[in-house]
Each structure stands twice: as structure tokens, then as C-alpha cells.
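Student: Questions regarding the structure given below will be posed in turn.
The values are calculated or read from the model by the stated rules, or taken from the named source; none is laboratory data. Quick caveat: nothing in here was measured; it's all calculated off a predicted structure. Positions of Cβ are generated from backbone atoms using ideal geometry, with glycine treated the same way; all protein chains shown enter the neighbour counts. Accessible surface is based on the protein model in full, side chains and every heavy atom, while ligands, DNA and RNA are left aside. Shrake-Rupley method; radii C 1.70, N 1.55, O 1.52, S 1.80 Å.
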Amino acid sequence: MLEQQGLHRTLRVVESIHGTRITIGGRELINFSSNDYLGLASHPAIAEAMGEGARRWGTGSTASRLICGNTAEHVALEEELAAAKGTESALVFSTGVAAATGTIPVLAGKEDVILMDKLAHACLIDGARASRAILRVFPHNDLEKMESHLRWAREKHPASRVMIITESVFSMDGDLAPLFEIVALKERYGAILLLDEAHAVGVRGAGAQGLAGELGLGDQVEIQMGTLGKALGVSGGYIAGSRVLIDYLINCARSFVFSTAPSPAVAAACRASLRIVQSPEGDALRADLQENLCLFASEMKLSDSPSAILPLILGSEERAMQETTWLQQAGFFIPAIRYPTVPRNTARLRITLSSAHKPEQIRGLVSALKGSV
Ligand SMILES: *Cc1c(COP(=O)(O)O)cnc(C)c1O
């Protein structure tokens with residue numbers, strides 16, 4: 001069934017991956033598909049911190065945070081994250097998925113209303129479903145529809161909490177949420193906002209600010225979510241916000257309470273990554289990424305992209321698969337993104353750039369892309 005529709009997926013074995021080079025099936029390719037936007041997943045100082053963390057604390061945390069898994073390394077990471085985000089507090093989860101699915105049901109229940117962007121990530125949808133709140137989806141970045149849902153929620157459910165959930169940089173499209181407008185609407189209607197900065201943290205704004213921090217809106221976003229496995233190059237997810245919010249999550253977020261704490265070595269690596277992202281080295285990496293984005297845009301005759309995610313929408317699944325195969329023959333690794341990750345008939349190549357790409361790698365990709373169409 002899935003095979004007939006061109007939707008069957010299989011795992012490929014990565015034989016080596018380092019910086020922008022990936023070896024699959026005995027062949028080294030240039031990788032344009034990772035979320036390692038600043039090349040930090042292979043940064044020696046972060047690897048060193050992880051090794052040192054494992055030597056100091058052991059490889060595993062041995063229990064949940066509420067039992068004996070809450071090491072000083074976790075606490076320090078959360079303090080540093082909160083400082084980076086400019087919030088009172090922060091809480092780290094094993095993954096971004098766990099952060100979303102754990103947090104949303106704590107903040108919304110059966111009587112409440114969740115308004116969500118149509119293109120929000122699967123884990124945000126799962127969290128909203130698990131909450132059993134009334135869910136209204138608005139078309140992607142459609143402020144008018146969002147406002148009409150807000151008006152409806154205030155009229156029909158005056159006593160309910162209303163939560164807007166969206167992403168700052170959209171994972172499969174690379175565009176931005178209109179955050180000033182969303183914040184203004186949320187304030188006007190007394191709603192709260194959960195903003196998923198998975199693809200913005202480390203890339204947008206200074207240090208680990210994300211888009212909310214970049215725009216000076218951090219204080220107005222009640223729940224700032226993000227990941228530690230994308231631009232930060234390690235693994236994990238987080239929620240940053242008020243002390244009351246974090247205390248509530250420590251007590252009630254099931255994916256936090258009932259899960260073994262992330263390895264202290266991972267926490268140590270995240271701290272090292274956060275230090276780099278907030279240093280002049282981090283600024284230089286963001287400048288390199290920006291330069292690469294400008295080069296790609298000018299070679300492709302596109303307008304500048306607001307993020308490092310550059311979708312090439314091809315439509316049919318078959319077309320996307322053919323393009324992927326052709327690019328692989330030409331030496332570039334960009335898997336096709338298909339339904340259900342993206343809506344039907346919007347299959348695409350999701351090209352991502354990193355600060356670590358060399359100009360000649362980008363020019364090579366552009367000529368391969370031009371050669372195929
Ligand atoms: C990747 C991603 C997540 C999940 O984070 P993981 O750490 O990979 O579990 C959440 N939201 C968005 C928008 C993502 O792209």
C-alpha cells in the first residue's frame with residue numbers, strides 16, 4: 001500500500017558523518033539535509049566536554065530527575081539556558097518531542113482551547129491531542145483566521161484558557177511566523193503562546209535567543225520551547241519560562257516525571273555548545289551561515305531566505321524521489337520529504353545549509369540542481 005503510493009520508507013545506514021560529508025552505501029556525499037546549522041555536532045570542544053562528562057559522571061543518569069538523576073550538570077545547564085533565553089527558569093527534556101508532548105497537556109485540559117498553525121510539527125499536534133483540549137487549526141500564518149478563532153473561543157468558552165501554538169522558523173518550509181502580530185493578538189484576547197523555536201535557537205538572534213529574543217518579544221512568549229539537537233549539535237529539548245511554569249512541569253509533565261534523566265555527559269556537552277553559541281565564535285559561525293545563504297540565493301536567483309531551510313517543492317512523490325536519486329548520483333545527499341511529514345502533493349527536497357559548507361560545495365549543488373530541471 002505505502003509502496004504503491006511511493007511512500008514506503010526505509011532506514012539507510014550512515015557509515016560515517018563528519019561536518020558536511022556523509023558516507024552511505026560506500027559512497028561519500030555532500031550532506032545538505034542535516035539540522036546541524038552551525039557544524040557543532042562535530043565540534044571538538046563539545047565532544048571533549050561529552051567525554052569529560054562521561055568520565056566524571058558515568059555514562060547514564062541512572063534514574064529520573066526526581067529520583068537520583070538530577071546532577072549538578074543538569075541544574076547548571078538549565079540555569080545557563082534560562083540566562084541565555086532571559087527567562088526565570090528552564091527545564092530540559094530528553095528530546096524536543098518529549099518537551100512538547102509533556103508540556104502541552106499540563107497547560108491545557110478538556111475545557112480549554114488550543115489554536116495551532118496548520119504546519120506545526122507532529123509533536124505539537126500529539127501534545128494537543130493528548131491534552132484533550134478543543135483544537136482549532138488555522139491555515140499557515142493566517143492571522144485573520146487566528147483572530148476569528150480567538151474571538152470564537154472568547155465568546156463560546158469565556159472561562160477557558162486559550163493557548164496558541166506555533167513555530168518561529170517552520171521546519172519544512174523555512175519561513176517565519178509573524179511574531180509581532182501573533183503576540184499582539186494573543187495579548188488582546190488574553191491567550192498564552194507556546195512558541196517552538198526548534199529551528200531558530202542558535203541561528204536567529206544572538207547566542208541562543210531564538211526569534212522571540214531577537215525581536216525583543218521573549219518576555220511576552222509564556223512558553224519558549226526549543227531543541228538541543230539541531231543547531232546546538234547535541235540532543236534534547238527544553239522549555240524556558242517563568243519559575244511557576246517550570247515548577248508545574250517538574251511536577252506534572254509525564255514525559256519528564258516518568259523518564260530517565262538525559263545522560264549527564266549529554267548535559268555537559270549541551271553546556272559546552274551553549275557557551276560556543278553565545279561566544280564570538282558563535283557569531284562568526286552565524287555570519288558564515290549567512291554568507292552561505294546569500295551565495296545560494298544569488299546563484300539560484302532567489303530572494304534571501306529567513307532561515308537555513310530551503311525547500312524545493314516538487315509536488316508529486318515520484319518527482320521528488322527521482323530528483324533525490326539524481327542528486328545522489330551527482331554526489332549530494334538530500335532525501336525527499338514526503339507525506340505525512342508534509343501535505344500530499346507538496347513533496348519536496350528540503351535543502352539545509354550549514355556554516356560548515358564550502359562555497360564550492362554550494363556552487364556544485366546549484367549546478368546539479370540546474371542540470372536536472
Ligand atoms: C525536530 C523538531 C522537534 C522535536 O525535537 P527532537 O529533539 O528532535 O525530538 C520539535 N519541533 C520541531 C519544529 C522540530 O523540527
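Student: Rg to Rh for the chain: what is it, with Cα atoms only and Rh by Kirkwood?
Tutor: We get a ratio of 0.97 for the chain.
Student: Below 24 Å, Cα to Cα, which lysines can LYS156 reach? Residues fewer than 8 away in the same chain don't count.
Tutor: Within the straight-line cut-off, LYS156 pairs with LYS110, LYS118, LYS145, LYS186.
Student: Mind checking the per residue accessible area of the chain for me, 1.4 Å probe, whole number of Å²?
Tutor: 44 Å²
Student: Do the sum for the chain: with -39,500 (n - 2.57) for every DSSP H run of n ≥ 4, divided by all residues, what is the mean residue ellipticity at 222 nm, to the nearest 500 deg cm²/dmol?
Tutor: Value at 222 nm, helices only: -13000 deg cm²/dmol.
Student: Further question on the same structure: Between GLU88 and ALA297, what is the FRET efficiency for a Förster distance of 35 Å, r being their Cβ-Cβ separation, to the nearest 0.05?
Tutor: 0.35
Student: Is the C-alpha gyration tensor of region 90-214 telling us rounded, prolate or oblate? Criteria: a/c under 1.5 is rounded; beyond that, a/b larger than b/c is prolate, otherwise oblate.
Tutor: oblate
Student: Using the Kirkwood radius over C-alpha pairs as Rh, can you work out the diffusion coefficient of region 200-335 via Stokes-Einstein at 4 °C, viscosity 1.567 mPa s, in µm² per second?
Tutor: 72 µm²/s
Student: With a 1.4 Å probe and every protein chain kept in, tell me what percent of the accessible surface of the chain is carbon plus sulfur.
Tutor: Solvent-exposed carbon and sulfur of the chain make up 53 percent of the total.
Student: Taking the Cα centre of the chain as origin, sum charge times position over the Cβ atoms of Lys and Arg (+1) and Asp and Glu (-1), and report the length of that vector in debye to the nearest 20.
Tutor: Around 820 debye, computed over the chain.
Student: How high is the relative contact order of the chain, in percent, counting Cα pairs under 8 Å that sit 6 or more residues apart?
Tutor: That works out to 24 percent.
Student: Would you compute the Debye intensity of region 1-126 from its alpha-carbon atoms alone, equal scatterers and no solvent, and pass along log10 I(q)/I(0) at q = 0.10, 0.18, 0.22 Å⁻¹ to two decimals?
Tutor: -0.57, -1.30, -1.33
Student: Just tell me which aspartates and glutamates come within less than 20 Å, Cα to Cα, of LYS358; anything on the same chain fewer than 8 places away is out.
Tutor: Reachable aspartates and glutamates: GLU28, ASP36, GLU281, ASP283, ASP288, GLU291, GLU299, ASP304.
Student: Now for a different question. Find how many whole Å separate the alpha carbon centroid of region 64-78 from the alpha carbon centroid of region 244-307.
Tutor: Here the answer is 20 Å between Cα centres.
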